[in-house]
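The values are calculated or read from the model by the stated rules, or taken from the named source; none is laboratory data. Owing to the predicted nature of the structure, the values given are computational and were not obtained by experimental measurement. With ideal geometry, Cβ positions are generated from the backbone for all residues, glycine too; neighbour counts draw on all protein chains shown. Surface areas here come from the heavy atoms of the whole protein model, side chains and all, with no ligands, DNA or RNA. Shrake-Rupley method; radii C 1.70, N 1.55, O 1.52, S 1.80 Å.
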Amino acid sequence: MNDDARRFYEKEALRGGWSIRQLDRQIGSQFCERTLLSRNKAAMFRKGSVPQPGDLLTPEEEIKDPLVLEFLNLKDEYSENDLEDALIHKLEDFLLELV
C-alpha cells in the first residue's frame, strides 16, 4: 500500500468511525482505488461508511484481546489483587526512573 492510500484509509477510518473489521474489509476490497476510479465519489463515500453485518463485534469479541503481561513476572494463575499490585509496582519503578 502506498503512502497516499494509507493516508486515505486513515482519514476515512477516523471520519467514518470504522471498526478494525470494517477497515480490513475496505482495504481488502480496495475501497481507495475504487473511489478514485468512481465518477460519483460522494456515493462511494456514503456506501463505504455504512458498516456491514460482518463488521460488528459482539461484546465477547470486543473484550477478548489478550494482554501480554510477561513483564510483571506473575505466575500462570493470579488474582486481580496480584495483578493490580504488580502493575502499581512497575508504574512506581517507572516513575522513579524519570526523576
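Under a plain spin-label model, where a point goes 7 Å from the Cα along Cα-to-Cβ, how far apart in nm are Phe71 and Leu37?
Going by the 7 Å Cα→Cβ label model, 4.5 nm.
Largest first, how would Arg34, Arg6, Arg39 line up by accessible area (1.4 Å probe)?
Arg39, Arg6, Arg34
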